[in-house]
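**Q** One structure follows; several queries about it will come next.
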Amino acid sequence: MDIRDRVLWLSRVAQYDVCPEATAAFPPAPSGARPRVPEGFAPEHRVSHVAVRGRRMPVLKILQTSACERDCFYCPFRAGRDFRRETLSPDDLAYTFDQMVRAGLVEGLFLSSGVVGTARSMDRMIATAELLRRKYGFRGYIHLKLLPGAEPAHIERAIALADRVSVNLEAPNPQRLERLAPHKEFRGALWGTLLRAAAMIRDARQAGRPVARAGTVTQFVVGPAGESDRELLSTTQALYDARALTRAYFSAFSPVPDTPLEGEPPTSLLREYRLYQSDFLMRYYGFRADELVYDASGYLPLDRDPKLAWALAHPERFPVEVNRAGRFELLRVPGIGPRAADRILKARRWGRLRDLGQLRRLGVNTSRAAPFLLLDGRAPAVQLPLFPVGMRHAFL
């Protein structure tokens, strides 16, 4: 099998490594025409997209190898499963990626790998990144996966070469990981590797060395281990508090044939979406994991977004007077995001806000926010269907 076929296969199956980027086919060029594909390549070669500094960037998401010695219960690459195994040498992968960059197909690389000896597998990924940086002069985006139990020397080199590094925790604690990957060690090999990488990045930045500017990320497999949303978000909060994480990714479980979890039901994509919304509230709105609203079993409500659920659970906090509230209070109002809150604070320097039209022009979703606000001491007119159930008398 030639290099192009192996690249095609390993980029296709990399979709199972569901950490940060959603896989998509080659996008149309700005003119509407398809981008030029290097000779021997086809549109089926997969390109993912990642948000980097506010811009959506096409990246090649690929495995260095689909061979693996681990036996994670949910994984299609698990040892002993009847699955095609392919490997790319660092030279072949670096050369092929360079050709794709020159053709304008991709601007970055997301490189992961099956584990055939942690040290050996890390050596191959780092060698690929080294070739791209030194031989081919690539200065664009590289995301490197750190394998469980990676040595400090590997981590140090990875953060020097990559813009982003990741360690997949997969589960929020050792007990849940036991149900997904019984031969993985949570505290040292996963949690410890993530904390070590984050500490090395902080130390390097303080020393003025350019390292991993996009930081550290992790991914959780949601559903098959029986974990609650509270567990997932509490672990995420602990990592944010420890400055060990830039952001978390949540992947709704989908069963793979011929794996121990093939009989488990798929996880609702709505549950995954609610986890992302909650993570966003934690990162940008000042919410803590333990103050979000969960049911008796620790799950987020699926019938409403977590910010609205919190607002409905705290009628004593509303209505909020737009002309007096601080930024923190404004961010607790459904329909007001960080940019809208900043615009409100700026607009108040020039006069009082008295109607919903003014708020709409500042970027407020007034259909969501109006029931929770006062404008110059008055409740804005609200269509009754928009009134949150059980909240009407709280504002009268």
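**Q** What shape does the range 269-309 take by its C-alpha gyration tensor, where a ≥ b ≥ c are the square roots of the eigenvalues and a/c under 1.5 counts as rounded, a/b above b/c as prolate, and the rest as oblate?
**A** oblate
**Q** Using the number of other C-beta atoms within 10 angstrom as an exposure proxy, rank 202, 157, 361 with the fewest first.
**A** By the 10 Å Cβ count, ascending: 361, 202, 157.
**Q** Taking amide hydrogens as modeled 1.01 Å from N in the peptide plane, which residues meet the under 5 Å criterion relative to residue 215, leaving out close sequence neighbours?
**A** Residues meeting the criterion, in which the H sits 1.01 Å from N, are 165.
**Q** Taking the chain as the reference, fit the longest principal axis to its C-alpha atoms, fit the long axis of helix 193-206 to the helix C-alpha atoms, and give the angle between the two in degrees, 0 to 90, nearest 10.
**A** 80
**Q** Next question, about the same structure. Assuming R0 = 25 Å, can you tell me the calculated FRET efficiency for the pair residue 187 and residue 79, based on Cβ-Cβ distance, to the nearest 0.05?
**A** With a Förster radius of 25 Å, E is 0.65.
**Q** Can you run phi through the Karplus equation (6.51, -1.76, 1.60; θ = phi - 60°) for the range 126-139 and list ³J(HN,Hα) in whole Hz, with x for Gly and Pro?
**A** 3J(HN,Hα) across the range 126-139, in whole Hz: 5, 4, 4, 5, 4, 4, 5, 6, 8, 6, 9, x, 6, 10.
**Q** Tell me which residues come under 5 Å, amide H to amide H, from residue 142 once H is placed; ignore anything under 5 positions away on its chain.
**A** Result for residue 142 returns 109, 163, 164.
**Q** So if each residue of separation counts as 0.36 nm, and I subtract the Cα-Cα distance between residue 123 and residue 345, what length gain in nm does that give?
**A** 74.8 nm is the gain from fully extending residue 123 to residue 345.
**Q** List 145, 184 from most exposed to least, where exposure is judged by having the fewest other Cβ atoms within 10 Å.
**A** The fewest-first ordering by Cβ neighbours comes to 184, 145.
**Q** For residue 243 and residue 288, calculate 0.36 nm times their separation in residues minus their Cα-Cα distance, and state this gained length in nm to one decimal.
**A** 14.7 nm
**Q** While we're here: When the Karplus curve 6.51 cos²θ - 1.76 cosθ + 1.60 is applied with θ = phi - 60°, which whole-Hz ³J(HN,Hα) does each residue of the range 324-334 get, with x for Gly and Pro?
**A** With the stated coefficients, the range 324-334 comes to 10, 5, x, 4, 4, 5, 4, 5, 7, 8, x Hz.
**Q** With Cβ to Cβ distances under 11 Å as the rule, what net charge do the other residues near residue 229 carry (K, R +1; D, E -1)?
**A** Counting the neighbours of residue 229, the net charge comes to -2.
**Q** Residue by residue through the range 60-65, what is 3J(HN,Hα) from phi via Karplus (6.51 cos²θ - 1.76 cosθ + 1.60, θ = phi - 60°)? Round to whole Hz and write x for glycine and proline.
**A** 7, 9, 8, 9, 5, 8
**Q** If you build a Gaussian network model of the chain, linking Cα atoms that sit under 10 Å apart, which residue out of 284, 273, 240 swings the most?
**A** Sorting by GNM fluctuation, first place goes to 284.
**Q** Near the amide H of residue 250, under 5 Å away, which other amide H atoms are found, from residues 5 or more places off or on another chain, if H is placed in the peptide plane?
**A** Amide H to amide H, under 5 Å and 5 or more residues apart or across chains, residue 250 pairs with 220.
**Q** Express the Stokes-Einstein translational diffusion coefficient of the chain in µm² s⁻¹, to the nearest whole number, given a Kirkwood radius over alpha-carbon pairs, 37 °C and a viscosity of 0.692 mPa s.
**A** 142
**Q** What residue among 175, 208, 83 has its Cα farthest toward the positive end of the dipole of the chain, where the charges are +1 on Lys, Arg and -1 on Asp, Glu, each on the Cβ?
**A** 208
**Q** Can you put 250, 73 in order of Cβ neighbours within 10 angstrom, beginning with the fewest?
**A** Ascending number of Cβ neighbours within 10 Å: 73, 250.
**Q** Right, another one. For the chain, give the share of DSSP beta bridges that are antiparallel, in percent and rounded to the nearest 5; count only bridges with both residues there.
**A** Beta bridges within the chain, antiparallel portion: roughly 30 percent.
**Q** Turning to a different aspect of this structure: What percent do you get for the relative contact order of the chain when only Cα pairs under 8 Å and 6+ apart count?
**A** Relative contact order here is 10 percent.
**Q** Could you tell me how far the Cα centroid of the range 230-303 sits from the Cα centroid of the range 309-349, in Å?
**A** What the calculation gives is 25 Å, centre to centre.
Every number in this text was worked out from the coordinates using simple rules, so none of it is lab data. None of these values were measured; they are calculated from a predicted model. Note that we place each Cβ from the backbone using ideal geometry, even for glycine, and neighbour counts take in every protein chain shown.
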